[in-house]
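Every number here is computed from the coordinates shown, using simple stated rules; none is lab data. Owing to the predicted nature of the structure, the values given are computational and were not obtained by experimental measurement. Please note: Cβ atoms are built from the backbone with ideal geometry, for glycine as well, and neighbour counts cover all protein chains shown.
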Amino acid sequence: MPELPEVETVRRGLAPAMVGARFTRVTLRRPNLRFPFPDRFAERLEGRTVVDLARRAKYLVAGLDSGETLILHLGMSGRFDVAMPDGSNLSPGDFYLEGAQGTPKHDHVVMAMSTGATITYNDARRFGFMDLVPTRTLAACRHFAAMGIEPLSPALTGAAVARLFRHKITPLKAALLDQRLIAGLGNIYVCEALHRAGLHPETRAGHLAASDGGPTPKAHRLATVIREVLEEAVAAGGSTLRDYVHTDGSSGAFQHAFRVYDRTGEACRTSGCNGIVARMTQAGRSTFFCETCQNRDALDG
């Protein structure tokens with residue numbers, strides 16, 4: 001599933017074709033994706049102008065001049081193809097099922113824009129979805145009501161980490177993946193951030209808060225490296241694994257900067273560390289870490 005940097009890459013690719021443009025025709029080629037489309041979905045979009053295109057965690061949110069917001073989620077294999085009037089294609093990130101790379105039978109939604117651009121949503125697995133909600137109630141809608149703070153926002157500080165994790169005995173990695181606390185973090189970037197912060201993934205999350213509830217040095221460090229990892233990944237166009245390339249065939253490049261993810265048995269890339277990258281399973285998901293520089297006893301505070 002695409003993580004936050006990949007979704008941000010898609011947002012930046014779609015923005016030139018969508019922001020300021022009007023939906024002239026919306027064609028639905030099936031009644032549902034992961035969920036049924038909202039009532040009169042195409043009719044409510046046609047004639048409306050996209051005022052802005054933002055991201056909330058792993059969701060795209062397009063504000064419309066009708067007072068509604070279009071919510072887009074890519075699921076496991078959703079992708080957007082953007083055909084411009086001059087015959088060129090923009091390159092928001094694509095997420096597709098290997099062996100079914102954007103085949104026309106999976107083109108489920110076609111949106112013609114007033115600029116002449118045509119945006120096609122293709123989804124082999126149909127785990128993605130689209131919704132329309134009143135903009136004034138966006139934060140309280142069923143998709144976002146229980147969602148935590150944005151990891152790329154100023155709200156993510158060492159003090160926030162301490163406040164969110166205080167008294168929690170759950171493993172640190174599990175706490176970071178809890179979308180009710182910090183929204184948008186996924187397995188790849190959590191593994192990478194924990195390694196840079198020198199924190200073992202099984203450390204109790206509550207250890208990042210001092211006895212008075214304030215942040216430990218490690219809490220400050222973790223907040224900083226989460227932002228660094230995500231910003232570097234966005235700048236690299238995301239990470240290309242099995243399911244991710246750009247529409248022009250190029251790839252995201254952050255996977256070349258992985259320090260631990262999917263590097264089991266390789267040498268740790270931390271300067272001066274002689275450790276080896278190990279893998280374990282937590283809550284059914286692979287966790288990659290260095291057994292030496294992510295020692296659980298090496299906590300500050």
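Pairs K58/K105; K58/K168; K58/K173: which are spaced more than 21 Å apart, C-alpha to C-alpha? Flagged as over cut-off: K58/K105; K58/K168. Roughly how tilted is helix 187-197, in degrees to the nearest 10 and between 0 and 90, from the longest Cα axis of the chain? Relative to the chain, helix 187-197 is tipped by roughly 40 degrees.
What's the FRET efficiency of I276 with E43 using the Cβ-Cβ distance as r and R₀ = 51 Å, to the nearest 0.05? It comes to 0.30. For A15, the shell of other residues with beta-carbons less than 14 Å away shows a net charge of +1, using +1 for Lys and Arg and -1 for Asp and Glu. The alpha carbon radius of gyration of the chain, expressed as a multiple of 2.2 N^0.38 Å, is 1.07. For G67, neighbours were defined as the other residues whose beta-carbon sits under 12 Å from its Cβ, and their charges (Lys and Arg +1, Asp and Glu -1) total +1.
The overall shape of the range 4-140 is rounded: from the C-alpha gyration tensor, with semi-axes ordered a ≥ b ≥ c, the ratio a/c is less than 1.5. Each other residue within a Cβ distance under 14 Å of Y189 adds +1 if Lys or Arg and -1 if Asp or Glu, for a net charge of -3.
Using only side-chain charges placed at the Cβ, +1 for Lys and Arg and -1 for Asp and Glu, the dipole size of the range 4-140 relative to its Cα centre rounds to 280 debye. Centroid-to-centroid, using Cα positions, the range 162-178 and the range 105-160 are 26 Å apart. Computed per residue of the chain from DSSP H runs no shorter than four, each worth -39500 (n - 2.57), the mean residue ellipticity at 222 nm is -6500 deg cm²/dmol.
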